[in-house]
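Undergrad: To start, I am sharing the structure in question, which I have written as structure tokens.
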Amino acid sequence: MSSSENPEIVERVFKDKDEEEKDEQKGSFIDKVKGFIQDIGEKIEETVGFGKPTADVSGIHIPHINLEKAEIVVDVLVKNPNPIPIPLIDINYLIESDGRELLSGLIPDAGTIHAHGSETVKIPLNLVYDDIRTTYHDIKPGSIIPYKIKVDLIVDVPVFGRITIPLEKNGEIPIPYKPDIDVEKIHFERFSFEETVAVLKLKLDNKNDFDLGLNSLDYDLWLSDVNVGGAELEKSATLAKNGITYIDLPITFRPKDFGSALWDMIRGRGTGYSMKGNINVDTPFGAMKLPISKEGGTTNLKKNKEDGGDDDEDEFSSLVHSFRLKLEIDFARATIFIAKMPSAGGDF
């Protein structure tokens, strides 16, 4: 029979019944205190009416958009069920597209939400297109990109402390592109040297991935370096997305202001023109004012044959004949006037 020289000694502690009852009573007391505090807290919350506020993105607006930036306003509806006002400490916001950040920031001390009320907190954001194009080269002008707006509202509520309310909203926003414009030709409606009424045949190329509802134009037109003013759009038009649209604009000008350039114009040799201004359009994202410009273009002052065939040639032959006839009459008058003048050195 073997034995160990250093036997392990196990100390056993025995509690009597009185000690065990005391421990049970102590644990039970602590549990009762916790339960009592919890009950008191719930009753206070029920009596006083404290609760967690709620929030939701109630709308996203684009009050202004142009070729440089888009102004976005995010409406957040916050409801406060508490009997006292709660401070809106901070607002963190982030706009991303396909997981890439477009814009982020912080709005501190964003205001106070009234007791037992709801308020719409407006978060203004400016999305600058140059910043987007510089950062993300694959985003092309004229395209529509998806976006996600993330908003964190941080509020301070009695009993609960600071609470963060996360919100998200998805949408789409355009990267607008100005239309290209050309004056294809000018058609005379009425011709005289004092006043000529004509129609501009405009070609507008909309390179955007969305339609443009053309409402009005604000522009100046130069023909042969002579400013002939502007004109009003007679009726609205729709510039189809990624398409070409033709519109007519009536103009009135004085041919005699053109000097020698008039001869080339009415002979159909073409005339240089330039146009600058703006077009006011409606889009699915709101109204826009887009600039238009064309420098150094050339157009003919007659219609193409497919628009009228030989009638056009007859019309302009008549114009040329009228112009020559006027020159001949003016020359004849000048000759008669000179013939009637006294000879050089004579008495007047």
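The values are calculated or read from the model by the stated rules, or taken from the named source; none is laboratory data. All of these numbers come straight from a predicted model, not from anything done at the bench. No Cβ is skipped: glycine too gets one built from the backbone with ideal geometry, and neighbour counts run over all protein chains shown.
Undergrad: Ile123 - would you say it is under 30 Å from Leu202 (Cβ atoms) and outside any loop (DSSP other than H, G, I, E, B)?
TA: Values: under 30 Å from Leu202 (Cβ atoms): no; outside any loop (DSSP other than H, G, I, E, B): yes.
Spelling it out, it is not the case that Ile123 is under 30 Å from Leu202 (Cβ atoms) and outside any loop (DSSP other than H, G, I, E, B).
Undergrad: Follow-up. Out of the stretch 215-247, which residues are touching a residue at least 60 places away in the same chain (Cβ under 8 Å) and in contact with a Leu (Cβ under 8 Å, 6 or more places away or on another chain)?
TA: Asn215, Ser216, Leu217, Leu239, Tyr246
Undergrad: Any residue in the stretch 160-181 that is exposed (fewer than 15 other Cβ atoms within 10 Å of the Cβ) and outside any strand (DSSP E or B)?
TA: No, because not a single residue in the stretch 160-181 is exposed (fewer than 15 other Cβ atoms within 10 Å of the Cβ) and outside any strand (DSSP E or B).
Undergrad: What do you reckon, is Phe210 surrounded by 15 or more Cβ atoms within 10 Å (Cβ to Cβ) and not in a strand (DSSP E or B)?
TA: Numbers: surrounded by 15 or more Cβ atoms within 10 Å (Cβ to Cβ): yes; not in a strand (DSSP E or B): yes.
Yes.
Undergrad: Looking only at the stretch 152-175, count how many residues are touching a Lys or Arg at 6+ places or on another chain (Cβ under 8 Å) and more than 20 Å from Met288 (Cα to Cα).
TA: Selection size over the stretch 152-175: 11.
Undergrad: Continuing with this model, one more query. Determine the pairs where a residue that is under 10 Å from Tyr219 (Cα atoms) and in contact (Cβ under 8 Å) with a residue 40 or more places away in the chain, located within the stretch 270-290, has a partner that is among the basic types (Lys, Arg) and part of a strand (DSSP E or B) with Cβ atoms under 6 Å apart, the partner being 6 or more residues away or on another chain.
TA: Cβ pairs passing all conditions: Met275/Lys294; Asn278/Lys289.
Undergrad: Restricting to the stretch 141-159, what's the tally of residues that are surrounded by fewer than 19 Cβ atoms within 10 Å (Cβ to Cβ), modelled with pLDDT of 90 or more and more than 30 Å from Thr283 (Cβ to Cβ)?
TA: Of the residues in that region, 2 qualify.
Undergrad: Let me ask you something else. With the condition kept exactly as written, say whether any residue in the stretch 127-139 is assigned to a strand (DSSP E or B), under 30 Å from Leu290 (Cβ atoms) and touching a strand residue (DSSP E or B) at 6+ places or on another chain (Cβ under 8 Å). Even if it seems obvious, please write down each step before you answer.
TA: Residues of the stretch 127-139 that are assigned to a strand (DSSP E or B), as a first pass: 127-128.
Pick out the ones that are also under 30 Å from Leu290 (Cβ atoms) and you get 127-128.
Now narrow it down to the ones that are touching a strand residue (DSSP E or B) at 6+ places or on another chain (Cβ under 8 Å): 127-128.
Looking for residues that are assigned to a strand (DSSP E or B), under 30 Å from Leu290 (Cβ atoms) and touching a strand residue (DSSP E or B) at 6+ places or on another chain (Cβ under 8 Å), one finds at least one in the stretch 127-139, hence yes.
Undergrad: Restricting to the stretch 66-92, what's the tally of residues that are more than 19 Å from Asp282 (Cα to Cα) and among the acidic types (Asp, Glu)?
TA: 2
Undergrad: Among (1) more than 23 Å from Lys140 (Cβ to Cβ); (2) within 23 Å of the chain's Cα centre (by Cα), which single condition is Ile84 missing?
TA: (2)
Undergrad: Please determine, by comparing only the residues of the stretch 258-296 that are among the acidic types (Asp, Glu) and at pLDDT 75 or above, which one is surrounded by the most Cβ atoms within 10 Å (Cβ to Cβ).
TA: Among residues in the stretch 258-296 that are among the acidic types (Asp, Glu) and at pLDDT 75 or above, the one surrounded by the most Cβ atoms within 10 Å (Cβ to Cβ) is Asp282.
Undergrad: Would you mind finding the one in Ile186, Ile244 that is hydrophobic (A, V, I, L, M, F, W, C) and either modelled with pLDDT of 80 or more or in a loop (DSSP other than H, G, I, E, B) (or both)?
TA: Values: Ile186 fails: either modelled with pLDDT of 80 or more or in a loop (DSSP other than H, G, I, E, B) (or both).
Among Ile186, Ile244, only Ile244 is hydrophobic (A, V, I, L, M, F, W, C) and either modelled with pLDDT of 80 or more or in a loop (DSSP other than H, G, I, E, B) (or both).
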